[in-house]
1. (1) 77, 55, 34; (2) 58, 45, 36; (3) 66, 48, 35: which one is Cα extents along the principal axes in Å as calculated from this entry?
2. Just to confirm my numbers, what's the Cα centroid distance between region 147-220 and region 50-102 in Å?
3. Based on the Kirkwood radius over alpha-carbon pairs, what is the Stokes-Einstein translational diffusion coefficient of region 170-238 at 10 °C with 1.306 mPa s viscosity, in µm²/s?
4. Using each residue's phi in region 184-190, evaluate 6.51 cos²θ - 1.76 cosθ + 1.60 at θ = phi - 60° and report the 3J(HN,Hα) Karplus result to the nearest Hz, with x for Gly and Pro.
5. Order of 363-376, 291-304 by packing, highest average Cβ count within 10 Å first?
6. For the ranges 267-273, 337-343, 45-51, 93-99, what's the packing order if you count other beta-carbon atoms within 10 Å of each residue, average per peptide, and put the highest first?
7. Let me spell out the model: positive unit charges on the Cβ of Lys and Arg, negative unit charges on the Cβ of Asp and Glu, origin at the Cα centre of the chain. What dipole size does that give, in debye rounded to 20?
8. For H177, what is the net charge nearby, where nearby means another residue's Cβ is under 14 Å from its Cβ and Lys, Arg count +1, Asp, Glu -1?
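The values are calculated or read from the model by the stated rules, or taken from the named source; none is laboratory data. Keep in mind that this is a model prediction, so the values were computed, not measured. We place every Cβ from the backbone using ideal geometry, glycine too, and count neighbours over all the protein chains shown. Heavy atoms of the whole protein, side chains included, go into the accessibility calculation; ligands, DNA and RNA do not. Shrake-Rupley method; radii C 1.70, N 1.55, O 1.52, S 1.80 Å.
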Amino acid sequence: MIGIGEDGLSGLSESSRKALVQAETVFGGERHLALANVDERGRAWPTPFDAGGVLSCRGRATVVLASGDPFWHGVGSLLAERLDRSEWIAHPAPSTFSLAASRLGWPLETVTCLGLHAAPFERLVPHLAQGERIICLVRDGEAATGLAEWLAARGWGASLIWTLTALGGPHESVTQHRADSYTGDPAAKLVTVALEARGANGLPHSSGLSDALFAHDGQITKRPMRALALSVLAPRRGERLWDVGAGSGSISIEWALRGGMAAAVETRGDRAENIHKNAAAFGLANRITVVEGTAPDALNGLEAPHAVFIGGGLNASLFDGLWPLLSPGTRLVTHAVTLETDALLSELHQRHGGELMRAEFAHADSLGRYRSWKAERPVVQWSVVK
């Protein structure tokens, strides 16, 4: 796998040139093949992309050309996971992210780097914050225009935007704009967008986001109890959650914002649709799987979780079907608002241990010409590690 830039063959190392000369077949985009002056050995990637052609050449000298670093939003990982380690070698070139950061004078370790050429702009949502620097790979000039419009519509119109094209080549261009007055070329190709976020407030990093941020029909773990639940669920990057009786999916959303993956299990179709909407709005559709069905049957076939949250609907049958599915060390948190479920949690606590807690909240509300405390229903929380 050889990374190639806009400077073509002149930018390749001696080992990369040698591999290119010795290759029986050379795969790449049409632009890559042209930059490398590949003859009849060249085979352009099909649309949609399919790595089958490369895999059919196993055991023969084959080169795959990619932009910059093949392992940064490139084809490298797609091929490496299908090949033995002894079957491939990579010769990376400076990535587009590195080139963009060097043109702007940004320390790359402080920059968020995203590939948006095949992903929705909502992937930006968790990263947008005042002064945050982000470099995005986008499909083309039209997508860059769409990104500027998306930012302006969400209160980030004052953000500074740089469009960078053909980086490292003779036709390199870097131009600066504001998102709300962007006038880039929609016909431009190979566009990279760098932005310095200015405008609206970004998402807070604390647990317990405002209920108003979620689409819901009232079936939502309210902010205070959600914060308490997440403190015990203890999300960690790369871990998986089962969110059983997910309602709006608010627990799954906040879990995924911390870098985890979630399976949100919901019986009702309208609520499952709300979970889809919320996952998309937060840019987390790739991290949350919505499972429409009834637990525990709906859990069959799901990848084992590190944590489980049951926000409602717990009964003895559900627990008896769920508990054997959990591996030792799995964290389980469940809430109860009814006396019947309260009694079940008391029994489970006595049987399995853990922590049993009752929380009551009251909010100031009008009472005639005065104010008074309006109590919410108490919630019982049981948390346990299997």
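1. Of the listed options (1) 77, 55, 34; (2) 58, 45, 36; (3) 66, 48, 35, (1) comes from this structure.
2. Region 147-220 and region 50-102 have Cα centres separated by 29 Å.
3. After rounding, the answer is 95 µm²/s.
4. Result, ordered by residue: x, 8, x, 8, 5, 10, 6 Hz.
5. The densest-packed peptide leads the list: 291-304, 363-376.
6. Descending packing order for the listed peptides: 93-99, 267-273, 337-343, 45-51.
7. 680 debye
8. -2
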